[in-house]
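A quick write-up on the structure given underneath.
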Amino acid sequence: MDIRDKIRGVLKEVYGGFETYLETEYEKYITENLSNGSYNTKREWLTYNQVILELKHNIKDMLKVKELQYKLTERDEPRQVCIEVIETLEVKTPELERLYYKIRNF
């Protein structure tokens, strides 16, 4: 089994099916970064994905999930994108605060 297939399998377990164009593009983008990136790139993209999961499961703000997925697939500065999205949130969990500071230190 290819590493990309394993990554896709894990993503589908967490997200469910990737049904929309945006979800499919995000899956392709993160799979590529996790399978071919440097150690630092992989660590960063795992963190960005953690932000999405925190938004989805604990904050339950699907609009911000979609916004972040879109911006991560369309822009070249994922670090800045995550920081901007997190700063616009009114409610932040302790885990999201931790991720925010981790991203700022990349």
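Details
- Helix 21-36 and the longest principal axis of the Cα set of the chain meet at an angle near 80°.
- Where only alpha carbons of the chain are counted, the Rg and the Dmax (Å): 13.1, 42
- Nearest-ten-degree value, helix 3-15 long axis tilted from longest Cα axis of the chain: 40 degrees
- Helix axis angle, 94-104 relative to the chain longest principal axis, alpha carbon, degrees: 80 degrees
- Separation in nanometres of the label points that stand 7 Å from Cα toward Cβ, at residue 89 and residue 13: 2.4 nm
- Computed extension length for residue 39-residue 60: 4.6 nm, one decimal, from 0.36 nm per residue of separation with the Cα-Cα distance subtracted.
- Separation of alpha-carbon centers, the range 75-105 and the range 1-49, rounded to whole Å: 19 Å
- Among the trypsin sites (Lys or Arg not before Pro) in the range 12-106, those placed in a DSSP loop whose Cβ has at most 11 other Cβ atoms within 10 Å are 60, 75.
- Loop sites in the range 4-105: GluC sites (Glu not before Pro), DSSP, at most 16 other Cβ within 10 Å: 19, 90
Bear in mind that the values in this text are calculations on the coordinates, not laboratory data. Only a predicted model underlies this, so the values are computations on that prediction, with no experimental measurement involved. Cβ: placed from backbone, ideal geometry, glycine included. Neighbour counts: every protein chain shown.
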